[in-house]
Amino acid sequence: MTVRKKVEEKEAPPVEEGLVPIFVMGERYMVPESLTIQKALEYAGYQLIRGCGCRGGVCGACSTVFRMPDSYRVEVGLACQTVVRPGMYLAMLPFFPANRAISDIESMKGTGGEVASLYPEIFKCIGCNLCTQSCPMDIDVMHYMAQAIRGDVSGVAETSFDCIACGLCVARCPAEEVQYHVGMLCRRLHARHLVPESAHLAEQVDNVAGGRFEKTLQELMKTGDKDLRKLYKERVMEPDIAADDWAPEDSSKL
Ligand code: FES
């Protein structure tokens with residue numbers, strides 16, 4: 001026989017204007033409705049020493065899962081980007097475990113077969129699309145996993161380019177894939193073996209190694225904070241739309 005403890009119905013405390021209730025690990029807090037989850041946690045007294053990095057939606061450290069009271073769905077988001085909603089029941093995820101295959105990029109060729117041998121589980125994909133639905137960067141994760149299965153390494157690199165490795169796709173994947181590691185491997189292979197070498201880059205690396213910028217660097221290191229800020233603000237930038245041969249008037253520092 002199952003016995004259920006009778007829970008006394010309590011009247012909900014009055015809601016102050018501009019504050020909404022959220023639940024963090026079972027505890028109820030009233031927080032300003034305009035805050036992100038991250039700021040609401042701090043408002044509630046939590047000190048974030050893990051699961052918090054850039055605060056700008058770039059580092060992927062603040063993965064969070066939550067449920068709303070009127071829905072059966074598990075929702076996900078970045079704590080630094082997602083604004084609180086009344087009744088949100090949330091928990092921040094610690095870094096979600098995802099094994100990364102050890103590889104030596106230099107000795108590889110950039111083939112789909114290499115990716116498949118390092119991550120054979122890509123073939124377990126069941127096409128449920130939960131990975132895409134959970135991605136806070138709106139990346140079509142399932143599509144790049146399909147590209148990985150087809151051996152299209154450059155395609156994976158392109159599609160996964162905005163990945164911030166927050167791990168939410170991995171956390172939600174019923175096939176236990178490690179999508180963001182597959183994306184990362186393909187981007188590395190693409191950059192190392194599949195795109196043509198940039199002559200300009202090689203030239204600049206030689207310039208750096210040959211000490212071409214040493215004098216400028218030393219001058220900057222001796223410049224005070226105020227002047228450095230001024231230099232930075234007044235720097236000449238290439239316009240958004242510029243001819244291929246655009247160059248600043250003063251090219252002495254290039
Ligand atoms: S703290 Fe970096 S993405 Fe949220």
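The values are calculated or read from the model by the stated rules, or taken from the named source; none is laboratory data. In this text the structure is predicted, and so the values were computed from the model without any measurement. Cβ placement follows ideal geometry from the backbone for every residue including glycine, while neighbour counts extend to all protein chains displayed.
Some points to look at:
- Some residue of the range 230-241 being at pLDDT 95 or above and over 30 Å from the mean Cα position of the chain (by Cα): yes
- Any hit, the range 122-140, residues being touching a residue at least 24 places away in the same chain (Cβ under 8 Å), acidic (Asp, Glu), away from the ligand (no atom under 16 Å from the Cβ) and assigned by TED's automatic domain parsing to the domain that holds Val170: no
- In the condition set (1) surrounded by 19 or more Cβ atoms within 10 Å (Cβ to Cβ); (2) closer than 15 Å to Gly60 by Cβ, Asp138 is compliant with all but (1).
- Residues being in contact (Cβ under 8 Å) with a residue 24 or more places away in the chain and assigned to a helix (DSSP H, G or I) - total across the range 216-254: 1
- Taking the numbered list (1) closer than 20 Å to Met184 by Cβ; (2) of a type in the set (Val, Ile, Thr); (3) in contact (Cβ under 8 Å) with a residue 60 or more places away in the chain in turn, Val84 passes all entries but (1).
Okay, residues lined up against (1) surrounded by fewer than 15 Cβ atoms within 10 Å (Cβ to Cβ); (2) aliphatic (A, V, I, L, M); (3) more than 9 Å from the ligand (Cβ to nearest atom); (4) under 18 Å from Arg85 (Cβ atoms):
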residue: Glu16; (1), (2), (3), (4): yes, no, yes, yes
residue: Val31; (1), (2), (3), (4): no, yes, yes, yes
residue: Ile37; (1), (2), (3), (4): no, yes, yes, yes
residue: Gly60; (1), (2), (3), (4): no, no, no, no
residue: Ser63; (1), (2), (3), (4): no, no, no, yes
residue: Pro69; (1), (2), (3), (4): yes, no, yes, yes
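- For Gly155, the conditions (1) over 30 Å from Val83 (Cβ atoms); (2) of a type in the set (Gly, Ala, Ser); (3) touching a Gly at 6+ places or on another chain (Cβ under 7 Å) all hold with the exception of (3).
- Yes/no for Gln47 being exposed (fewer than 15 other Cβ atoms within 10 Å of the Cβ), within 15 Å of the ligand (Cβ to nearest atom), within 23 Å of the chain's Cα centre (by Cα) and of a type in the set (S, T, N, Q): yes
- Some residue of the range 161-168 being surrounded by 23 or more Cβ atoms within 10 Å (Cβ to Cβ), within 16 Å of the ligand (Cβ to nearest atom), of a type in the set (A, V, I, L, M) and not in a loop (DSSP other than H, G, I, E, B): yes
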